[in-house]
Each structure stands twice: as C-alpha cells, then as structure tokens.
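First up is the structure itself, then whatever we jot down about it.
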Amino acid sequence: MAQRYAALMGALVADAASMGTHWIYSPERVSMLANLPHFPFIEPDATHYEGVDSYYAHDKLTAGELTAYGEWLALYIRLLGQPDTNTHTIQQQILDYFGPGGEFIGYIDSPTKALLLTLFSLPPEDWPDDSGSDDDQNPALCAIPALVALKLPSEPLEQEIERIVGITHQNETAQVCAKAFACALNEALRSKRVEPVLNVLKIKAPDDIRDKIEQVRSLSGEVNDLKHVLTIANQACHLADSLPLAAWILQNSESYTEAIKMNILASGDSCGRGILIGALAGACYGFGDEKGIPISWVTTLQCGEALAEDIEALLKKSGL
C-alpha cells in the first residue's frame, strides 16, 4: 500500500513542484530561477517568462497548487475510488468539474477543451463512450497512476486504459504510451529499480519512441547531458518527446528529489512529464530518507489532506 501511495503522491507532488516554472522553454532561465527561496515550489510570476520562449498559464495559482495535469490525476483518483465508475458518470463529473461553473480554475488544455465541446454539443444520452480527441499529448497519461493503483490483472487493466483514456484521447500513440506507462509503473512497484522500469517503458513504447528512448539511454561521457538529449527529444507536450526525456532523467538521477529537479531544469512541459517521472520515482524510492519523496514537499502540497483521503479511498477499493 505504501508504494502505491508513494506513486500517486509522487506524481501529484511533482506536478505542484513544477508549476512555478511550467512552460518556460529555457533551461538557462529555469536554472537562474532555481536560486530563488523555496525552489522548486516558487510562486508563478509573469516576469520569469519574459524574454524567452514561454507561455504563462498559471497566473491564478499559488505555490503548492496543482496544474491541470495534477487536477486531472486528482479527479481520476477521486472518481475511480467511488463505486460507480461507468463512462457516462465519469464524463458527467468531468463536465461538472472542468466545465463552466465547476470547481476548476486555471488553464484548460487542448484535449480537455475538445472533450468539453463534445459533451456540450450533445444531450447526455447521446454522449459517445469514445469521446476523446485525436491528441498525442501528455494529458493522456494522467489517469494511469490511479488505474494502476487498482491492482487490476493485465488484460482488465488494458481494457480500463482503453476506456478511461479513450474518454479524452482517441489516438493510437496516446493509447500505446498510456499502456507503456502502466506497465513501467507496475514494474516499479514490483522491483523498485529504475533500470528494469526503463527497459519495460522502452519495450512497450511505439517504435519511433522506442528508438528515441534507446538513443538517450545510450548517451555517455561528455555527450550525456541535456544539450545532447534535446537534439533527440525536445521539451514540448507531445508523448514522442516526453517519454524519451523522462527516461533520460530517470536513468541519470538517483533519488526522487534529483529526478524532479532535473525534470524542472529541463524546462518546457515539466508538469506533463512530472506525472510520469513523479509516479515512477515515487514507486521506486518511496517516502523520506535520502532518496524518497521529501516529507516537506508533501506538506507543501495544497489540499494535501483531502488528496490523501482520496488516495486512501482508492487504495481501499483496490483491496490492498
């Protein structure tokens, strides 16, 4: 139970830790911001985004809050911990949460916008189960830590991934990468070792992404640095880049803290990658000690008590 808890909390903490520098596409700028007090949990500030390739999206948030990625995972944890998880119920609660008048305040990404438009355009009785858009970006991974926490056998887990991810993403790359992440996370929970986790991620990834993962993991010596990695995979939101960059970060870090800080310093869509890196590093390293999730980071997470209760309900449903 502790490992699965660490995987879920690890993903949430990684998202919140990355929020203050999210979508700054400049490792140099983020490196400068790393000198600020309380880094990585810094307040979002528009001036940090000036003069570099960036997009300032989190002006309504404060340090320790979740971005849309973390909010999606938190919603999945809550929904999948409930008795009724049929597709229509999930779609309705997504609409209630992310739609007009809902609790969510903040940036709405492309697949979420497309889903909301689909649901708004039809009466509820006509909502298709496959309501997702043709999108290959990182939000496709947000449900995976919650689904893996249910401890389903392989075939039912694949079916649930197709169903749940299909609500937001009807895209082959998104589906295959989500399943690859699930397999890698199950390996992390089993072995607690990064090397076999990355082997599984590579084997299960689509062919083009598998090749990139192999390339970044093969870097050594003077070329084993971010500059060379970014000639293979960039920091944008697409899964074809995020999986290889995440694999390189996990391979070249030795603790949860180091992995999350390396991810932030890589810049770009650090929050999207944070769901993947945070869950895998959390499962491998656990809480506390020198390598685990810092307790001080967990307590920095806003609404942490409510999130912990939802995680416990999900794990209780799984029978652990």
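The values are calculated or read from the model by the stated rules, or taken from the named source; none is laboratory data. Computed from a prediction, not measured in an experiment: that's the story for all the values here. Virtual Cβ from ideal backbone geometry, glycine too; neighbours counted across all protein chains shown. Just so you know, the surface numbers come from the protein's heavy atoms only, side chains and all, with ligands and any DNA or RNA stripped out. Shrake-Rupley method; radii C 1.70, N 1.55, O 1.52, S 1.80 Å.
For the range 201-320, divide the Cα radius of gyration by the Kirkwood radius and give the resulting Rg/Rh value with two decimals.
1.02
At 1.4 Å probe size, put C183, C177 in order of accessible surface, largest to smallest.
C183, C177
With a Förster radius of 30 Å, plug the Cβ-Cβ distance of A308 and D59 into 1/(1 + (r/R0)^6) and report the FRET value to the nearest 0.05.
The computed FRET efficiency comes out at 0.60.
Work out from phi, with θ = phi - 60° and the Karplus expression 6.51 cos²θ - 1.76 cosθ + 1.60, the ³J(HN,Hα) of each residue of the range 228-233, listed in order in whole Hz, and give x for Gly and Pro.
6, 4, 6, 7, 9, 9
Work out how far the C-alpha atoms of the range 115-178 reach from end to end along every principal axis, then list the three figures in whole Å, largest first.
35, 24, 16
Apply the Karplus parameterisation 6.51 cos²θ - 1.76 cosθ + 1.60, with θ equal to phi minus 60°, to every residue of the range 111-120 and state each ³J(HN,Hα) to the nearest whole Hz, in sequence, with x for glycine and proline.
x, 5, 4, 4, 5, 4, 5, 4, 5, 5
Dipole of the range 162-233, Cα-centred, from +1 at each Lys and Arg C-beta and -1 at each Asp and Glu C-beta, to the nearest 20 debye?
For the range 162-233, the charge dipole is close to 320 debye.
Taking 0.36 nm per residue of separation and subtracting the Cα-Cα distance, what length does fully extending E43 through N86 add?
Full-extension gain reported as 11.7 nm.
Only sites in a loop by DSSP and with at most 16 other Cβ atoms within 10 Å count here; which GluC sites (Glu not before Pro) in the range 62-157 make the cut?
E103
Need one word for the range 44-103: rounded, prolate or oblate. Basis is the Cα gyration tensor (sqrt eigenvalues a ≥ b ≥ c); a/c below 1.5 gives rounded, then a/b vs b/c decides.
prolate
Taking the chain, how many lysine pairs are there with alpha carbons less than 18 Å apart, if each pair must be eight or more places apart or span two chains?
14
For the chain, what does -39500 (n - 2.57) per DSSP helix run (n ≥ 4), summed and divided by total residues, give at 222 nm, in deg cm²/dmol to the nearest 500? Walk me through the numbers before you get to the answer.
On the way: 16 runs with 190 residues, N = 320.
The helix contribution divided over the chain gives -18500 deg cm²/dmol.
Can you compute the FRET efficiency between E125 and I203 using 1/(1 + (r/R0)^6), with r the Cβ-Cβ distance and R0 = 25 Å? Round to the nearest 0.05.
0.05
Please list, in order along the range 145-158, the HN-Hα scalar couplings obtained from phi with the Karplus expression 6.51 cos²θ - 1.76 cosθ + 1.60 (θ = phi - 60°), rounded to whole Hz, x for Gly and Pro.
Each residue's phi maps through the Karplus curve to give x, 5, 5, 5, 5, 6, 6, 7, x, 4, 5, x, 5, 4 Hz.
Where in the range 25-93 are there trypsin sites (Lys or Arg not before Pro) that are in a DSSP coil and have at most 16 other Cβ atoms within 10 angstrom of their Cβ? Before the final figure, lay out the partial values.
Values: sites: R29, K60, R78; in loops: K60.
Hits after loop and neighbour filter: K60.
Find how many whole Å separate the alpha carbon centroid of the range 151-202 from the alpha carbon centroid of the range 241-320.
16
Give me the dipole magnitude in Debye, nearest 20, for the chain about the Cα centre, with unit charges on the beta carbon: positive for Lys and Arg, negative for Asp and Glu.
In total the dipole reaches around 900 debye.
Pulled fully out, how much extra length does the chain show between K316 and K151, if you take 0.36 nm times their separation in residues and subtract their Cα-Cα distance?
Roughly 58.3 nm would be gained on extension.
Taking amide H positions as placed 1.01 Å from N in the peptide plane, with prolines and chain starts having none, which residues 5 or more places from Q302, or on another chain, fall under 5 Å of its amide H?
Those qualifying (amide H under 5 Å, at least 5 residues apart or on another chain) are E65.
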